[in-house]
Amino acid sequence: MCFSAALALPVLSNLEKNSANCTSNCSGKDEDSNNGQSLKLSLPAYKWRLVIAYDGTRFSGWQYQQSTPTVQCVLEEALTKKTKINRKELCLVGASRTDAGVHAWGQVAHFATPFNYETLDGVHRAVNGLLPSDIRVREFSPAGPEFHARFSVTSKIYCYQVYNSTIMDPFLRHYAYHSEYKLDADVMRDAAKHFVGKHDFSAFANTSRNDRVPNPVKTILRFDVVEKGPLLRLEVEGSGFLYRQVRNMVALLLQVGRQAVPPDIVVRILESRDRKELAKYTLLLPPHGLRLETVKYNEEHLILPTDSPASSFGRHHSISKCKVLFV
């Protein structure tokens with residue numbers, strides 16, 4: 001790994017604008033609330049984008065917490081060791097604050113450094129070497145000044161896995177919910193269609209743990225029920241999601257699949273805008289079946305800066321040819 005000293009570096013034009021957004025994120029508070037404060041980063045600076053996969057089983061979610069292990073906390077420790085920059089100046093921001101026990105294949109985050117890298121393969125490998133085996137940076141890329149891991153998002157894709165068999169597959173016990181009831185995937189698809197479109201999802205949101213009141217109106221672009229033998233994959237893509245919204249939607253679809261309630265129950269509960277109405281029919285599903293699959297972005301914000309190093313996707317080891325003496 002090589003990096004150059006910070007001489008005549010490009011300035012991130014919107015860094016001060018976004019700094020308030022990462023202040024609370026770096027302090028362990030909700031990243032949307034800034035309380036009128038702004039973190040002054042050392043300018044000029046470079047911005048970097050990470051695509052991260054993790055097994056959320058032993059973590060208390062993504063968001064930094066001082067008392068319990070979180071993915072953001074562990075990743076910040078690795079980046080701090082490698083860059084020698086304290087966590088407030090790194091200002092690591094994630095696209096999605098996944099809950100405790102929820103997994104991710106395509107979480108995205110960005111952070112800033114006051115220096116540029118000539119190549120990213122070395123630092124990418126070094127950061128993964130500092131991380132535990134249940135967290136991996138899949139991609140390490142430069143990012144332009146306009147890119148923001150959260151505010152540049154156009155949609156997110158989540159997947160909830162259900163293992164529908166009388167006996168659970170022990171190899172999937174941490175990654176799929178076990179349903180011993182025979183599920184009708186066709187009626188589940190019919191019910192899922194009612195979620196698609198722009199709706200007020202107040203009835204499917206649990207009370208958030210922060211003081212912010214989110215906008216309950218979200219747009220669901222698609223909601224697919226995919227069968228792979230006994231494994232059901234419920235994939236939902238949306239502009240955004242309320243706290244525990246996906247797990248609540250899937251919980252109702254499972255009740256429909258068991259034929260305990262009709263597919264049009266979705267419409268009635270949506271129109272009620274009342275979380276207590278949903279509670280009459282189902283309970284919240286556990287987190288281990290949920291995974292953040294992909295985060296999609298405004299293409300203009302993904303344009304790489306000029307003279308930036310190539311993105312790193314990891315590289316294979318190679319064996320050097322050598323002469324071996326046989327006796």
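Tabulated results
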| read-out | value |
| --- | --- |
| Bins of 10 Å from zero: percent of alpha-carbon pairs in the range 69-141 | 17, 58, 24, 2 |
| Computed lengthening from Glu180 to Gln66, 0.36 nm per intervening residue step minus Cα-Cα distance | 37.2 nm |
| Thr219 versus Leu284: modelled label distance in nm, points set 7 Å from Cα along the beta carbon direction | 2.8 |
| Radius of gyration and Dmax over the Cα atoms of the range 240-327, both given in Å | 25.4, 83 |
| Surface accessible to a 1.4 Å probe, per residue, for the residues of the range 195-327, Å² | 61 |
| Shape metrics for the range 47-172, restricted to C-alpha atoms - Rg then Dmax, Å | 15.6, 56 |
| Whole-percent carbon and sulfur share, accessible surface of the range 177-248, 1.4 Å | 47 |
| Convex hull volume per residue for the range 158-219, taking Cα atoms only, in Å³ | 128 |
| Lys228 paired with Ala126, simple spin-label distance in nm, labels 7 Å along Cα-to-beta-carbon | 3.6 |
| Nearest-20 debye value, the range 116-171 charge dipole, Cβ charges on Lys, Arg, Asp, Glu | 140 |
| Local net charge near Asp200, Cβ-Cβ under 13 Å (Lys/Arg +1, Asp/Glu -1) | +1 |
| The range 61-80-the range 126-166 distance, computed between alpha-carbon centres (Å) | 14 |
| Accessible area in square angstrom per residue, the range 107-151, 1.4 angstrom probe | 33 |
| Extension gain, Gln259 back to Glu118 (0.36 nm per residue minus Cα-Cα distance, nm) | 44.9 nm |
| Rounded if a/c under 1.5, otherwise prolate or oblate - the range 186-284, Cα gyration tensor axes | prolate |
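The values are calculated or read from the model by the stated rules, or taken from the named source; none is laboratory data. Nothing here was measured: the structure is a model prediction, and the numbers come from that model. Ideal geometry is used to build each Cβ from the backbone, glycine not excepted, and the neighbour counts take in all protein chains shown. Ligands, DNA and RNA are stripped out before the accessible areas are found, and what is left, the full protein with its side chains, is counted by its heavy atoms. Shrake-Rupley method; radii C 1.70, N 1.55, O 1.52, S 1.80 Å.
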